[in-house]
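Below is one structure, written out as structure tokens; the observations come after it.
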Amino acid sequence: MLVPLLAAPSGTAAMAVVLLSLMLLFFTAVRRRRYRPEPAVSLSPVLSVVETCDRGKVLVTQHAFQQGDIVFSEVAALAIPSRSLPLMGLGQLQGAKRRQFMALHCPEALSAARPEDGVGALSAVVGEQGAALEQVLQKWCGWSYAKVKMEKAEAWRFLRIWDANKLSWMGRTEVEQGVFVTLSRMNHSCEPNVRLMPGMAEHELVVYAVRDIAAGDELCLCYVERNCLPMLHFLHLPTECRQHLLLRWGFLCVCPRCNAREDSARTFRCPNADLWGASGIDRCQGFLMVLPGHSNMGCCSVCGKAPDTDAVTRMLLAEKELRVEAEQELSAKLRHAASAAEFPIDAVLSLLKRCIDAGLAAERHWLTFWLQSLALIGSGAFGEDLRIAVQGVARSSKLPQVESVSSSQVKTRMEKLRKVINSDLPQPHRPGITGHVETYFSFG
């Protein structure tokens, strides 16, 4: 293509040179934007929205914060009671708030209704692609046929923005949900550096730094704080479970925990029965971790040996069966326990013992951690629900209160627990938790 251009009259050649120069400048700018994020929106002297090449828009702080500092607070642009149809709030958005709301991230469809995400999915009402939207607008919202035809497109965009950006929190009297112009721009991380707490004003959330944050750092929160297992926080789950729950927002988490080579929340005892050590009398006390995305495990943390294929297959199959029993049978018993006397402590301890017998590390695996936590609550060892599941804006399901358990019952149940785990530890070790996540739970 260059030869004819060079042979053309000087005017045409000059035009071609100009066009080529503009194209070169364009592609250079694109490459620079891809590798050097530039602030796209300045929300305040403290915060900026930055466009990145791999994670979309992120919220970045321009100031440094120490652990416990308030980064900022915000009142929801739109807040409605939990399980209410958000379309009822469309008319509340006016002027600048409406423009800011409509500028937030808008996916192509609503998230699919999945049992593990709980009830209340918008797609269960209007469909993932909005097939039933017209009917809902007329029947539930009282819109006329003419209004539906004129404003359906805007209502559809509103629903998708709401579905992708809403947050839930415990209000003064009930669970609320809302969308925030700034808060809703924060991305998720399984090692969050901020935590949300209800503020003093109505529909207000306060953003606290749960660890020291440097100027230029991205602000990340934890999108999920509950799951189908009562009293188990999302951050205690293994990588594959966290990734699955996050699909509700249509992205794959690439935080340091999710990118780790081994999943420390799925830790097993070393199955090698060979004796080792200089004296030849010490048994290996090491641990193995599952490799995310693979049906395999890494080498032992102590003896350095890799488990044989049969041992790995046996332990992973047992883990799968025990997990299904926990999610289906035990969870149902927990939900149906109407009083402390009905707490299924024997079922909890029985499943815990079988987990340990199958090779799941008593003090490190997420499933044994959950069962030990339940046993401690059910034994009456705590006078209130486990703090890691209910403090702040955590939205985990609560178990029945156990204050009425008699002292003799407490003693009996705790003795059973000690026999099962062969330990006197008053509190199980949190599985797969890094130092950053530990500060998240201990904050507040």
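Observations on the model:
- Here Cys220 sits with roughly 20 square angstrom of accessible surface, probe radius 1.4 Å.
- When Rg and the Kirkwood radius Rh are both evaluated on Cα atoms of the stretch 57-163, their ratio Rg/Rh stands at 1.05.
- Once backbone amide H atoms are built at 1.01 Å from N, Lys57 has Thr52 as its partners under 5 Å, excluding neighbours fewer than 5 places away on the same chain.
- Each peptide in 69-77, 158-166, 139-147, 367-375 receives the mean, over its residues, of other Cβ atoms within 10 Å, and ordering these scores from highest gives 367-375, 158-166, 69-77, 139-147.
- For Val194, the residues 5 or more places off, or on other chains, whose built amide H falls under 5 Å of its own are Val210, Cys220.
- A simple count of charges around Val60, restricted to other residues whose Cβ falls under 9 Å of its Cβ and scoring Lys, Arg +1 and Asp, Glu -1, yields -2.
- Accessible surface of Thr439, taken over heavy atoms with a 1.4 Å probe and every protein chain present, rounds to 40 Å².
- All Cα pairs of the stretch 106-218, percent lying beyond 18 Å: 62
- Pairs over the 23 Å Cα-Cα cut-off, from the set Lys57/Lys149; Lys97/Lys166; Lys97/Lys139; Lys333/Lys353; Lys305/Lys353: Lys57/Lys149; Lys97/Lys139; Lys305/Lys353.
- Value of D in µm² per second that Stokes-Einstein yields for the stretch 74-113, Kirkwood Rh from Cα pairs, at 25 °C (0.890 mPa s): 208
- Low-density loop cleavage sites - trypsin sites (Lys or Arg not before Pro) in the stretch 170-260, where at most 16 other Cβ are within 10 Å (DSSP): Arg172
- Sequence-distant residues sharing a close amide H with Cys284 (under 5 Å, placed H): Trp276
- When peptides 318-328, 174-184 are sorted by average Cβ neighbour count within 10 Å, with the highest value leading, the order is 174-184, 318-328.
The values are calculated or read from the model by the stated rules, or taken from the named source; none is laboratory data. Note that this is a predicted model, so its numbers are computed, not measured. Ideal geometry is used to build each Cβ from the backbone, glycine not excepted, and the neighbour counts take in all protein chains shown. Protein only, heavy atoms only, side chains kept; ligands, DNA and RNA dropped before computing areas. Shrake-Rupley method; radii C 1.70, N 1.55, O 1.52, S 1.80 Å.
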